[in-house]
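Asker: Quick one: the structure is below, and I'll ask about it shortly.
The values are calculated or read from the model by the stated rules, or taken from the named source; none is laboratory data. Since the structure is predicted, the reported quantities are computational estimates derived from the model, not experimental observations. Cβ placement follows ideal geometry from the backbone for every residue including glycine, while neighbour counts extend to all protein chains displayed. Calculation scope for accessible area: heavy atoms of the full protein, side chains included, ligands and nucleic acids excluded. Shrake-Rupley method; radii C 1.70, N 1.55, O 1.52, S 1.80 Å.
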Amino acid sequence: MIYLDNAATTQPDPAVLESMQKAQQDVWGNPSSMHTAGKQAKQFLEHARALLAERIAARPAEIVFTSGGSESNALAIIGAARAAPSAKKHIVTTKAEHPSVLEACAQLEKEGFAVTYLSVDENGFVSAKDVGKAVTDETILVSIIHGNNEIGTINDIAALANACKMRKENILFHSDCVQSFCKVPITVANAAVMPVDLLTFSAHKLHGPKGAGALYVRQGTRLAKQVFGGHQEHDRRAGTENVASIIGFAKAVSLNADADADKMKKLRDSFLMLLNKAVPNVRINGPAGDSRLCNNVSLVFPGLSGEIMLQELDRRGICCSAGSACTAQSLEPSHVLRAIGLSDEDARATLRFSLSRYSTEEEIWETVSALKEIVEKLD
Ligand SMILES: *Cc1c(COP(=O)(O)O)cnc(C)c1O
């Protein structure tokens, strides 16, 4: 099998699985318990927290473990909205967010909050000027995705957060960093350079386990908890921590190296070059070069059906995605592809390939030759 759908999920690293199995056998104590078994689990939990914090130059106490990216996004957005003074009722986000952000915002709209959905340009970028214009005295939070899961656009989070803070210092800035984490360096140490308050992470997009994630919460940020009953996670998220998965998450983070991103970038570019030769009128969605996620290749095959091509590729043992995994069940064209101005027809003619550090040149050659064959067959 050639697995090129790593934006949907990744294969767990064997070392991650090993660390989790060991944790499940040896450190099954409740980290909130006061006895030895609990203290031992607590020690592992805090070690994982420190590892994650170190990766973004945060304080360990600023890391809140959750069940994944979707929960982190909900805690950031709904938690910030519900903790705000009642006079403040406004949220700013964009039209190119992950559904877990868009639906959290839609929920707040039902509860009486106003949400501004910023447009993105033809490559998926959000403009800092638009952010500055959108925020008002009533704005609680601005939430903008870092690396886009469908088209690979990497927004300049520092510039966008600065545009928001310049207008009003106490507006919170959140970013969904699920796709960018460990692929693009992120450091929160200097709040003047990177004035973000909340960042979302998920383990299973970087060779860790499903069901584990984290939210970075800058010290002093007001956030209403969304899960009740205990004082875990510095009282920001109740519930006994998923210690084994958190250990696997931290292990996965420690195994992601800068060299992996360089390798994926080279593979991505050779994929595009080979494909351009093999299939002449294919078009790429999203930006070129360094402002694109190192592992994302989103393509339009004009006049063809992405759904049918996906099935044809699957029959040849190649896994990819039409639009995004989240829209795979519906016939609605992706909201992100619409946001960058694609026609419904081109959106339906889109395939997304996403590489991992396990991807190889041979897999790329095979995929390009399968695509050539499929295009010739369907044309
Ligand atoms: C996968 C993904 C999420 C959701 O993360 P889960 O851990 O699967 O809940 C959120 N945002 C982006 C950009 C993603 O790619």
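Asker: Cα axis of helix 361-378 to longest principal axis of the chain: angle in degrees, 0 to 90, nearest 10?
Answerer: 60
Asker: Also, quick follow-up: Using only the alpha carbons of the chain, determine the length spanned along each of the three principal axes and report them from longest to shortest in whole angstroms.
Answerer: 65, 52, 34
Asker: Continuing with the same structure: For Ser86, what accessible surface area do you get with a 1.4 Å probe? Give it in Å², rounded to 10.
Answerer: Rounded to the nearest 10, that gives 100 Å².
Asker: Counting Lys and Arg as +1 and Asp and Glu as -1, what is the net charge of the other residues whose Cβ lies under 13 Å from the Cβ of Phe113? Kindly include the intermediate steps, with their values, before the conclusion.
Answerer: Working: positive: Arg82, Lys88, Lys89, Lys110; negative: Glu109, Glu111, Glu138.
Taking every Cβ under 13 Å from that of Phe113, the sum is +1.
Asker: Restricting things to alpha carbons, tell me how big the range 239-322 is in terms of Rg and Dmax, in Å.
Answerer: Computed over the Cα atoms of the range 239-322, radius of gyration and Dmax are 17.4, 54 Å.
Asker: Averaged per residue, what accessible surface does the chain expose to a 1.4 Å probe, in Å²? Write out the running numbers ahead of the final one.
Answerer: Numbers: 16120 Å² over 379 residues.
Per residue, the chain has an accessible area of 43 Å².
Asker: Can you check what the net charge comes to around Lys225, using other residues whose Cβ is under 15 Å from the Cβ of Lys225 (Lys, Arg +1; Asp, Glu -1)? If you can, show how the numbers build up before the last one.
Answerer: On the way: positive: Arg82, Arg222, Arg236, Arg237; negative: Glu71, Glu233, Asp235, Glu241.
For residues surrounding Lys225, the net value is 0.
Asker: How far apart, in nm, are the 7 Å Cα→Cβ label points at Glu54 and Ser33?
Answerer: Simple spin-label model gives 2.8 nm for this pair.
Asker: Whole Å is fine, so just give me how far the alpha carbon centre of the range 176-245 lies from that of the range 17-51.
Answerer: Between the Cα centre of the range 176-245 and that of the range 17-51, the gap is 19 Å.
Asker: Right, another one. So how exposed is Asp13, as accessible area in Å² (1.4 Å probe, rounded to 10)?
Answerer: That residue has around 20 Å² of solvent-accessible surface.
Asker: Counting alpha carbon pairs within less than 8 Å and at least 6 residues apart, what relative contact order, in whole percent, applies to the chain? Don't skip to the end; give the middle numbers.
Answerer: Numbers: 770 pairs, mean separation 87.9, N = 379.
Relative contact order of the chain: 23 percent.
Asker: Which of the aspartates and glutamates could a cross-linker bridge to Lys42, judged by Cα under 17 Å and excluding same-chain residues fewer than eight apart?
Answerer: Counting by Cα, and skipping residues close in sequence, Lys42 has these aspartates and glutamates nearby: Asp26, Glu62, Glu233, Asp235, Glu241.
Asker: On the accessible surface of the chain, probed at 1.4 Å, how many percent belong to carbon and sulfur atoms?
Answerer: Numbers: 8680 of 16120 Å².
That fraction is 54 percent.
Asker: Where both residues lie in the chain, what percent of DSSP beta bridges are antiparallel, nearest 5?
Answerer: Numbers: 19 of 37 bridges.
Here the antiparallel bridges make up roughly 50 percent for the chain.
Asker: Pairs to check: Lys89/Lys133; Lys277/Lys377; Lys265/Lys377; Lys88/Lys110; Lys89/Lys165; Lys88/Lys133. Give those whose C-alpha atoms are more than 20 Å from each other in this structure. List each step's numbers first, then the result.
Answerer: On the way: Lys89/Lys133 17 Å; Lys277/Lys377 17 Å; Lys265/Lys377 30 Å; Lys88/Lys110 15 Å; Lys89/Lys165 18 Å; Lys88/Lys133 17 Å.
In this structure, Lys265/Lys377 lie more than 20 Å apart at Cα.
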